[in-house]
Amino acid sequence: MSASDEKTYEVAVVGGGPAGLTTALYGARLGHETVLIDRGGGRAAMMADTHNVIGITEEVSGNELLATGREQIVSYGGEFERGFVDGIERTDDDRFRLSVGDDRVLADRVVLATGFSDERPDPPLPRNAKGLHWCLHCDAYMFVDEPVYVMGHSEAAAHVAMIMLNVTDDVDLLTRGAEPTWSEETAAQLEAHPVDVVHEDVAGIQNDPDSGWLEAMEFEDGTRREYRGGFPMYGSDYNTALAEGLGCDLTEDGEVDVDDHGRTSEDGVFAVGDVTPGHNQVPVAMGQGAKAGIAIHKELREFPRSTEEIARNGPVDETAVPAISPGLLETAIAHEGHAGGPRTSPPEQTADDD
């Protein structure tokens with residue numbers, strides 16, 4: 001793919017997390033030439049285990065989940081490209097040109113699934129996914145009846161500390177020497193809950209030598225407190241540069257503003273997943289990707305033609321159907337999920353099976 005020979009698609013998805021993968025999957029399976037462009041990494045790739053996803057067991061890592069998703073998309077005729085999209089511009093014919101390094105991609109619709117990055121506190125810190133965790137609703141179950149910490153000095157940190165009392169009676173709120181910024185009302189609320197607010201900064205981390213999991217933290221006043229894990233609460237950095245470059249509206253909190261189907265304020269531009277408002281959960285991201293994929297399909301599909309189009313151009317010619325490219329048509333017919341493909345029939349029941 002070069003600047004003089006750019007590849008053209010109906011749908012280009014930027015970002016290969018659960019939301020982007022699902023949007024690309026729907027695009028390919030609904031018969032649209034689709035490309036998924038992903039730079040690698042991301043929040044889902046950091047997951048040591050996958051939680052709260054029906055049909056996916058705990059031992060599946062985030063990277064394994066994402067790799068399976070990419071394989072599915074390719075199996076349906078979608079394309080996958082590893083790369084970083086450093087710019088998107090709207091063309092004169094109202095399409096989108098994506099710059100991927102020295103390459104160019106042209107698409108009728110673009111989907112931004114660029115996510116966000118968690119703001120990390122200064123070290124020393126526990127090891128990621130072995131005492132340092134980012135998703136309360138994903139990982140709180142791991143720490144039922146265990147000593148936990150919440151790190152931060154904001155409203156969100158105070159409320160998460162109180163929320164953790166739903167699963168354990170041993171919760172510390174670590175401000176690490178920073179002046180609390182929560183409100184007086186929250187301070188009174190916090191005072192009425194059995195949360196120990198620790199103001200001294202962390203001086204050292206103790207990990208289990210075999211598993212690497214957090215065992216305890218040492219503080220600058222010489223004290224030592226045991227923890228099994230916890231949650232830093234320092235905010236999020238939303239990856240909205242591409243959306244802003246296209247003129248998309250943002251919310252007051254800095255996410256891309258979208259409707260219920262992922263449409264942004266700019267025609268033809270969709271956004272899904274953690275870069276948009278809502279719960280930062282894999283199943284939620286998948287649902288957003290599915291809804292955006294269906295909305296894009298409804299915008300792009302050829303049939304049914306309107307009565308105005310029929311009056312203007314005449315009936316649909318038989319040679320125009322089905323409205324799917326030859327490549328995707330061939331892929332669909334050969335796919336194991338196609339009705340004309342091979343099927344394994346269940347064994348016939350015998351009297352001995354009753």
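Net charge within 11 Å of Gly245 by Cβ-Cβ distance, Lys/Arg positive one each and Asp/Glu negative one each, not counting Gly245 itself?
-3
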Completion exercise
The answer for the net charge of residues other than Trp182 whose Cβ lies under 15 angstrom from its Cβ, with Lys and Arg +1 and Asp and Glu -1, is -4
Problem - Sequence-separation-based contact order of the stretch 87-148, relative, with Cα cut under 8 Å and 6+ spacing, percent - result: 16 percent
Practice task
Using Cα positions and a limit of under 30 Å, work out the lysines in reach of Lys7, with same-chain residues fewer than 8 apart set aside.
Solution key: Lys291, Lys298
Completion exercise
Candidates Glu309, Glu191, Glu64; GNM for the chain (alpha-carbon contacts under 10 Å) flags as most fluctuating Glu309
Handout entry: Cα gyration tensor, the stretch 136-232 - rounded (a/c under 1.5), prolate or oblate
Key = oblate
Completion exercise
Everything considered on the Cα gyration tensor (a ≥ b ≥ c; rounded for a/c under 1.5, else prolate if a/b is larger than b/c, else oblate), the stretch 1-157 must be described as prolate
Handout entry: Separation of alpha-carbon centers, the stretch 165-192 and the stretch 64-137, rounded to whole Å
Key = 35 Å
Handout entry: For the chain, built as a Gaussian network whose Cα springs stay under 10 Å, the top-fluctuating residue of Val171, Val110, Val60
Key = Val60
Problem - Quarter of Cα convex hull surface for the chain, i.e. mean projection, nm² - result: 27.0 nm²
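Which net charge results when you count Lys and Arg as +1 and Asp and Glu as -1 among the other residues whose beta-carbon is under 14 Å from that of Ile56?
-4
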Problem - Beta bridges per DSSP with both ends in the chain, % antiparallel, nearest 5 - result: 45 percent
Practice task
Could you list the square roots of 5 times each eigenvalue of the Cα gyration tensor of the stretch 253-306, that is, the equivalent ellipsoid semi-axes, sorted largest first and rounded to whole Å?
Solution key: 23, 13, 6
Exercise for the section: May I ask you to list, by number, the DSSP H helices of the chain whose Cα span along the axis is at least 15 Å and whose average Kyte-Doolittle hydropathy reaches -1.0 or more? Expected result: 18-29, 62-75, 282-300
Handout entry: Unit charges at the beta carbon, dipole of the chain: most positive-side option, Gly268, Ala44, Ala156
Key = Gly268
Handout entry: Test item: Cα-centred dipole of the stretch 136-232, Lys/Arg +1 and Asp/Glu -1 on Cβ, debye
Key = 200 debye
Fill in the blank from the handout: Quick calc, Glu226 & Asp49: beta-carbon distance into FRET formula, R0 22 Å, rounding 0.05, result 0.45
Exercise for the section: Taking the dipole about the Cα centre of the chain, with the C-beta of Lys and Arg at +1 and of Asp and Glu at -1, give me whichever of Pro123, Phe303, Met233 is farthest to the positive side. Expected result: Phe303
Exercise for the section: Calculate the dipole size of the chain relative to its Cα centre from +1 charges on Lys and Arg beta carbons and -1 charges on Asp and Glu beta carbons; express the result in debye to the nearest 20. Expected result: 1020 debye
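Place a +1 charge on the Cβ of each Lys and Arg in the stretch 29-180 and a -1 charge on the Cβ of each Asp and Glu, then give the dipole magnitude about the Cα centre in debye, rounded to the nearest 20. Could you put the intermediate results ahead of the total?
On the way: 14 positive and 28 negative charges, 58 e Å.
Approximately 280 debye in magnitude.
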Exercise for the section: Only bridges with both residues in the stretch 136-232 count here: give the DSSP antiparallel percent, nearest 5. Expected result: 40 percent
Exercise for the section: Take the chain, connect every pair of alpha-carbon atoms lying under 10 Å apart with a spring to form a Gaussian network, then pick out the residue of Leu136, Leu98, Leu21 with the largest mean-square fluctuation. Expected result: Leu136
Handout entry: For the chain, with +1 on Lys and Arg beta carbons and -1 on Asp and Glu, the positive-most of Pro322, Gly55, Trp213 along the dipole
Key = Pro322
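All of the numbers you see were taken from the coordinates with simple rules; none came from a lab. This structure is a prediction, so every number in the text was calculated from the model and none was measured. Neighbour counts run over all protein chains shown; Cβ positions are idealised from the backbone, glycine included.
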